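Please read the structure below before turning to the comments.
The values are calculated or read from the model by the stated rules, or taken from the named source; none is laboratory data. Treat the numbers as computed from the prediction; the structure is a model and nothing was measured. Quick reminder, even Gly has a Cβ in these numbers, built from the backbone with ideal geometry, and neighbours come from all protein chains shown. Only protein heavy atoms, including side chains, enter the accessible area calculation; ligands, DNA and RNA are left aside. Shrake-Rupley method; radii C 1.70, N 1.55, O 1.52, S 1.80 Å.
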Amino acid sequence: MKKLLIIGAGEFQLPGIIEAKKQGYYVIATDGNPNALGKDYADEFYHLDVRDLEANYKLAKEKEISGVVAVSSEVSVETVAYVSEKLNLVGNKFEVAVLCHNKEAYYKAFSKNGINVPSTFCYGDNVEEIKTEYVIIKPGKGSGSRLVHKVRKEDIDAHVAIYRNEFNADESILIQEYVKGKEITVDGFVYNDSVSVVAISHEKCDPEISNSVSYELDFPPRWINTEIYDRIADISSKSAKAAGIEFGPFHMELIINDQQELYLIDFALRGGGFKLFTDIIEKTSGVNALQEYIRGAMGEEIQIKQPEIFDPVIMRFLYADKKGILQEIGGSSLEGVYSDYMLGFLKSVGDVVDRPSSGRDRLAYIICWGTEMDKVTDRMETITSSIKFTIE
């Protein structure tokens, strides 16, 4: 029986373990949490830091694995690439994973290859050249909304001081000119020198909740047309090739401004997180990206075709309206997976909750799908109105 190493065994990696078992592979999983949810589902589990390159490589070599993957895990991508390259398995080169984890490096690489990126500076270097009233401050590594904030240009120093004090005194900080427009998420897949776009969404923020934390993602954007789609597909292909990706999923975020110009603002060598890669892609495009990713990593032939039609899916996040202790959850009986929606609660009664500053502050998520956007929207509103949080 072929052995697959899955690096990361938490809640959002569990679908990968289950899928690999379903395909008949022997699954070995590692995670820094000794009680990771996937521990009881894998054939073997090892308590290893997913960022420990040598420990995971040593285990992979000892177990004579046939493939290695990480599912929707940002912190695991470098280890996956390191192991696959050392053992000559299907995957990406380690230097590619390092590049895709370094925002400053990939902005330069993409710009060099004709892809629009916002003007970006390391904190302390040429910040006076910034021309916009607002800026985006973000860590130099990683992806997504972690520690990403929109602030006025004159508040940069004060905000960076807070960041240094509360989070990381050494990590590089990037200052990026703010591009006003609609935010787009794109999930793609690279296989046999071909790049397929398998999901596109309009990512919305509610100013009353937060300017930097997602409230809702609509798959596909209602306003998208063929011309915009073709340009998104072109940027996806150029970005994947500029990064040197040879196999597997990638996730990126774009801004389209009022002049219909597209800017790449974030890139990751993984599928979209929070159910996007494991559930939403298949519901919107019919492509089972998780299944094909695992099969491909194991050296099997796979079928990744560019979808011609995208069905509507809406994913919405619910947040606290104030800081306090969660006393009661109304509508908890609706939780679960059903024929046209899934609902999950991320906090429990008794937890301390706060106004959102990142995705970690989400109280719940709702995903609705179907074939007509109006019906999917109505379903989403019905479920949302049934959920109540009592916070004191």
Subject >> Residue in the range 7-24 that is modelled with the lowest pLDDT, counting only those that are in contact with an Asp or Glu (Cβ under 9 Å, 6 or more places away or on another chain) and open to solvent by less than 20 Å² (accessible area, probe 1.4 Å) >> reply: G10
Subject >> Condition check for D279: open to solvent by 60 Å² or more (accessible area, probe 1.4 Å), under 21 Å from A364 (Cα atoms) and out of contact with any Leu (no Cβ under 8 Å at 6 or more places or on another chain) >> reply: no
Original post:
Between a first residue in the range 329-341 that is part of a loop (DSSP other than H, G, I, E, B) and a second residue that is of a type in the set (F, W, Y), which pairs have beta carbons less than 9 Å apart while being 6 or more apart in sequence or on different chains?
Top reply: E335/F345; D340/W369
Original post:
What are the residue pairs meeting all of these: first residue in the range 95-116, first residue of a type in the set (F, W, Y), second residue open to solvent by less than 70 Å² (accessible area, probe 1.4 Å) and not in a helix (DSSP H, G or I), Cβ atoms under 7 Å, and 6 or more apart or on different chains?
Top reply: Y106/F267; Y107/V117; Y107/T120; F110/V117; F110/L264
**OP:** Report yes if some residue within the range 288-300 is of a type in the set (D, E) and open to solvent by 50 Å² or more (accessible area, probe 1.4 Å); otherwise report no.
**Re:** yes
Subject >> Lone qualifier among T284, T382, T390, T377 - being at pLDDT 95 or above, open to solvent by less than 20 Å² (accessible area, probe 1.4 Å) and not in a loop (DSSP other than H, G, I, E, B) >> reply: T284
Subject >> Sole residue being under 30 Å from G244 (Cβ atoms), at pLDDT below 95 and touching a Gly at 6+ places or on another chain (Cβ under 9 Å), chosen from G299, G273 >> reply: G273
Original post:
Is it true that some residue in the range 337-350 is open to solvent by 60 Å² or more (accessible area, probe 1.4 Å) and within 17 Å of I209 (Cα to Cα)?
Top reply: no
Original post:
Could you say which residue among V50, V68 is surrounded by 19 or more Cβ atoms within 10 Å (Cβ to Cβ) and in contact (Cβ under 8 Å) with a residue 60 or more places away in the chain?
Top reply: V68
Subject >> Residues of the range 53-75 satisfying the condition of being polar (S, T, N, Q) and either over 26 Å from the mean Cα position of the chain (by Cα) or assigned to a loop (DSSP other than H, G, I, E, B) (or both) >> reply: S66, S72, S73
Subject >> Single residue of K3, K63, K58 found to be touching a Leu at 6+ places or on another chain (Cβ under 9 Å), farther than 19 Å from T278 by Cα and open to solvent by 10 Å² or more (accessible area, probe 1.4 Å) >> reply: K63
Original post:
Is it the case that some residue within the range 1-18 is without any contact (Cβ under 8 Å) to a residue 12 or more places away in the chain, part of a helix (DSSP H, G or I) and over 20 Å from F94 (Cα atoms)?
Top reply: no
Subject >> Qualifying position, being among the hydrophobic types (A, V, I, L, M, F, W, C) and without any contact (Cβ under 8 Å) to a residue 60 or more places away in the chain, among V313, V349 >> reply: V349
Original post:
Can you name the residue in the range 307-334 that is open to solvent by less than 20 Å² (accessible area, probe 1.4 Å), in contact with a Pro (Cβ under 9 Å, 6 or more places away or on another chain) and not β-branched (V, I, T) and, of all such residues, is nearest to R379 (Cα to Cα)?
Top reply: P312
**OP:** Could you please give the count of residues in the range 90-126 that are part of a loop (DSSP other than H, G, I, E, B) and open to solvent by less than 40 Å² (accessible area, probe 1.4 Å)?
**Re:** 6
Original post:
Between a first residue in the range 358-371 that is closer than 12 Å to F274 by Cβ and assigned to a helix (DSSP H, G or I) and a second residue that is open to solvent by 10 Å² or more (accessible area, probe 1.4 Å) and of a type outside the set (A, V, I, L, M, F, W, C), which pairs have beta carbons less than 6 Å apart while being 6 or more apart in sequence or on different chains?
Top reply: G359/S145
Subject >> Considering residues of the range 189-248 that are over 20 Å from the mean Cα position of the chain (by Cα), buried (at least 16 other Cβ atoms within 10 Å of the Cβ) and free of Cβ contacts under 8 Å to residues at least 40 places away in the same chain only, the residue farthest from A105 (Cα to Cα) >> reply: I224
